[in-house]
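Participant: Okay, here's the structure, questions in a sec.
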Amino acid sequence: MTNKNYLWSDAQDKSIDEELMDFLAGADIKLDKHLFVYDVIATQAHIGGLKTIGILTQIEYQNLHNCLSELKIKYEQGQFILDNSYEDGHSAIEFYLTQQLGELGKKSHTGRSRNDQVLTCSRLFMKHNLLVIKDLSLTLAQHVLKMADEQKDTAMPGYTHLQHAMPNSAGMWLAGFAEGLIDDCFLLDSTLNYIDSSPLGTAAGFGVPLDLPRNQVAKELGFDRVQINPMYAQNSRGKFDLVVLQNLYQVMLTVRRFSWDLSLFMTQEFNFVSLKKSHTTGSSIMPNKSNPDVVELMRAALSLIEGAMAQIQALMSLPSGYQRDLQMSKEPMIKGVLITKQVLGLLPGLMQALVFNKEKMAASISKEMMATDQALKQVKSGMSFREAYGEAKISKSEITYQQSLKDRVSLGGAANLGLNIIQSRLDMLKPL
Ligand code: ARG
């Protein structure tokens, strides 16, 4: 037996099995905390549509609207708690309205289903958070770009196959991550556009016998357009969540590569970079330790996104229409978004805690790393490249690493990092 509030149960029905209901609700009530405010806002837009078509009078609309605004404030201030006496956030809204406004509250769900309701609020959640993630990525890219400029003359060895390759600069190493993040932001823009479509008003996935002003409601919610086909709207559940996660995967892939490099460069053997005390942790047994746990957890964060993608992909082997399976796409989507925001938010602070060991980096550049410069020097005096290559393989290069870096004039090279071009791409992405 249960004390829960179910929208669909008969008042006299006392046969609901609590254990079963807990299984059906899953983690919904916990997860809906992240969606609740969007659900309230979408409900406000929906009742605006009901007013337009005469289902609600102006006064009824106004009362419902005010009551929803009050609910939003109460929720944000912790006075309305979304607890497990409700099946989910959607039903909590209707119960609240009915509790406050009696019969009028019962009108709020006219012409919609929890199926389009959950789609709408999770889409608003994704849209908002993609913008936040874009903003965090751009802030981080700006930090990295500034550091690249500061470290443009800091020499370090460049590796391929983790073997000595050519002299490099910390500026180039850093600028690459800035450029990567900027490209990831272009992708975020296109993902934002892809999902910027309102499912509200498609109801259970078949439309309703009411001429809902779907465009008006979509516009009020800030959507670019409506999803026309109600069945497609249902089929986009999970599919859109997946495209969001795929995009976050790209962002976090950039972060993982950076974290990997850092943890390598922080080993005693490399000793190129260290972290200020604020960003290291100790060992419970080894007094000598100062560990970059934060870098490792940032590297590991991608595994959560990958797991989240796998969960949704596995889930989506479904026929058309709403299936309750789709409820399980909520948790991976939300978790993926939250971990990405957390990591991106912490990275600028981590960047500031980095200390470059310039002497060690320069000292690690071995003489043979200038062999390519040597070969190309001969090319400039007329020798074929293959010939020069063969000579440079056996003769010692007289070129210093400083000279090698000074001569690296090809666009993007150490002497011509193209930071201004990267900066102008970043500026293009900033909101007006
Ligand atoms: N918690 C549900 C979900 O996330 C809400 C939609 C319920 N719809 C239904 N037809 N049971 O999918």
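Values in this text are rule-based calculations from the coordinates and carry no lab data. Source: prediction; values computed, not measured. A quick note on method: Cβ atoms are made from the backbone with ideal geometry, for glycine too, and the neighbour counts reach across all protein chains shown.
Participant: Report the antiparallel proportion of the DSSP beta bridges in the chain as a percent, rounded to a multiple of 5.
Facilitator: 75
Participant: Across every pair of different alpha-carbon atoms, what Kirkwood hydrodynamic radius in Å does the range 77-164 reach?
Facilitator: The answer is 18.2 Å.
Participant: Now for a different question. Give the value in nm², to one decimal: projected area of the alpha carbon convex hull of the range 247-349, averaged over all directions.
Facilitator: Seen from a random direction, the Cα hull of the range 247-349 projects 8.6 nm² on average.
Participant: Another question, if that's okay. Relative to the Cα centre, what is the charge dipole magnitude of the chain, using +1 at the beta carbon of each Lys and Arg, -1 at the beta carbon of each Asp and Glu, and rounding to the nearest 20 debye?
Facilitator: Dipole magnitude for the chain comes out near 1120 debye.
Participant: Follow-up. With unit charges on the beta carbon (Lys/Arg positive, Asp/Glu negative), name the residue among I228, S108, N271 whose Cα is farthest towards the positive pole of the charge dipole of the chain.
Facilitator: Positive-most Cα among the choices belongs to N271.
Participant: If you don't mind, another one. Report the full-extension gain for the segment E18 to M231: residue separation times 0.36 nm, less the Cα-Cα distance, to one decimal in nm.
Facilitator: 73.5 nm
Participant: Could you point to the residue in F258, A308, S69 farthest towards the positive end of the chain's charge dipole, with +1 and -1 charges on the Cβ of Lys/Arg and Asp/Glu respectively?
Facilitator: F258
Participant: Amide H neighbours of G158 under 5 Å, at least 5 residues apart or on other chains, H built in the peptide plane: list them.
Facilitator: Amide H neighbours of G158, under 5 Å, 5+ apart: A165, M166, N168.
Participant: Give me the distance between the Cα centres of the range 42-113 and the range 272-313, rounded to whole Å.
Facilitator: Taking the Cα centre of each part, the range 42-113 and the range 272-313 sit 43 Å apart.
Participant: How high is the FRET efficiency between F186 and Q352 when r is their beta carbon distance and R₀ equals 22 Å, given to the nearest 0.05?
Facilitator: The value I calculate is 0.25.
Participant: Using only the Cα atoms, what convex hull volume per residue in Å³ does the range 22-78 have?
Facilitator: Hull volume normalised by residue count: 89 Å³.
Participant: Could you please tell me the mean projected area of the C-alpha convex hull for the range 284-423, averaged over all directions and given in square nanometres to one decimal?
Facilitator: 17.3
Participant: Next up: How would the range 16-116 be classified by its alpha-carbon gyration tensor: rounded, prolate or oblate, with rounded meaning a/c under 1.5 and the a/b versus b/c comparison settling the rest?
Facilitator: Here the range 16-116 falls in the prolate category.
Participant: May I pose another question? Compute the orientation-averaged projected area for the range 154-238 from the convex hull of its Cα atoms and round it to one decimal in nm².
Facilitator: Convex hull of Cα atoms, orientation-averaged projection: 8.8 nm².
Participant: Hey, another quick one. Toward the positive end of the charge dipole of the range 167-271, about the Cα centre and with charges on Cβ (Lys, Arg +1; Asp, Glu -1), which of G238, V217, G201 goes farthest?
Facilitator: Toward the positive end, the furthest listed residue is G201.
Participant: With equal scatterers on the alpha carbons only and no solvent term, can you work out the Debye log10 of I(q)/I(0) for the range 122-194 at 0.11, 0.13, 0.20, 0.26 1/Å?
Facilitator: The Debye formula, applied to the Cα set alone, gives -0.39, -0.51, -0.81, -1.05.
Participant: Excluding residues on the same chain fewer than 8 positions from K30, give the lysines whose Cα lies under 18 Å from its Cα.
Facilitator: K4, K72, K74, K330, K335
Participant: Rg (Å, one decimal) plus Dmax (Å, integer) for the alpha carbons of the chain?
Facilitator: So, for the chain, Rg and Dmax equal 28.4, 96 Å respectively.
Participant: In whole angstrom, how long is each semi-axis of the equivalent ellipsoid of the range 192-278, when you take the square root of 5 times every eigenvalue of its Cα gyration tensor and sort them from largest down?
Facilitator: 48, 13, 8
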